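The values are calculated or read from the model by the stated rules, or taken from the named source; none is laboratory data. All figures in this text were calculated on a predicted structure; none of them were measured in a lab. We place every Cβ from the backbone using ideal geometry, glycine too, and count neighbours over all the protein chains shown. Just the protein is used for accessible areas: all its heavy atoms, side chains included, with ligands, DNA and RNA removed. Shrake-Rupley method; radii C 1.70, N 1.55, O 1.52, S 1.80 Å.
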Amino acid sequence: AYSWLASFGFTGTFAIASIFAGRIADSYNRGLVVSVAAVIWSIFLGMGSLSGDFSHLFASRSAMGLAQAVTTPSSYTLLAEITPKEKIAYANSVFSLGIYLGGGLASLSILLDQSIGWRGAGIAVSGFGLVSALIGAVVIRDPRHVATTTTTTTTTTTTTTTIGAQVVHG
């Protein structure tokens, strides 16, 4: 059963959605895309944790794959724009470290599972994901969508003309 959840449920949906994910990153505010995707991923993790049967769990895993797929192109293109050119490789290395560090920490969910069960562990991680998504929504800024302030200066010209002993301002 797990093979269906991991392969077709998550990875299959992730792969198909990845085809369209770049277009989404090109068309919308990437900071918002990443944050919304994290909210969707977290909600469906929580829903999967509460599922009563395989079909609900499969649908939840599929939605998680869809949400996760859109984060990759948005994240990499944001990194490329906000990082000085000479440090892009390093920035991508740190980003990749986060992916694998997160995967490693996910293994620790076994400890949560042993103490509060797999459903409780899923709900706890879901809550952490929602908090992280909200922080991301505040912190992540897409340079293409940052509001700019324009200052308009109005200049008034005064002409002074002297006519005899009288000064006329116009």
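For the reader, a short list of remarks on this structure follows.
- Crossing angle, helix 13-27 versus the chain [Cα axis fit, 0-90 degrees, rounded to tens]: 0 degrees
- The alpha-carbon atoms of the chain, seen along their principal axes, cover 102, 35, 29 angstrom, with the largest extent given first.
- Cα pair distances exceeding 18 angstrom across the range 70-123, given as percent: 50 percent
- 222 nm mean residue ellipticity, helices alone, for the chain (DSSP H n ≥ 4; -39,500 (n - 2.57); rounded to 500): -22500 deg cm²/dmol
- As a fraction of the 1.4 Å probe accessible area of the chain, surface on carbon and sulfur atoms comes out at 69 percent.
- Calculated translational diffusion coefficient of the range 34-98 (20 °C, 1.002 mPa s; Stokes-Einstein with Kirkwood radius over alpha-carbon pairs) equals 161 µm²/s.
- Each label was represented as a point 7 Å from its Cα along the Cα-to-Cβ direction; for residue 114 and residue 3 these points are 2.8 nm apart.
- Simple spin-label estimate for residue 19 and residue 56 in nanometres, 7 Å along Cα-Cβ: 3.1 nm
- Relative to its residue count, the range 1-76 spans a Cα convex hull of 69 Å³ per residue.
- Nearest 10 degrees, 0 to 90: helix 109-139 Cα axis against the chain principal axis: 10 degrees
- Degrees between helix 71-82 axis and first principal axis of the chain (Cα, 0 to 90, nearest 10): 30 degrees
- Packing rank of 13-22, 90-99, where each peptide gets the mean count of other beta carbons within 10 Å, highest leading: 13-22, 90-99
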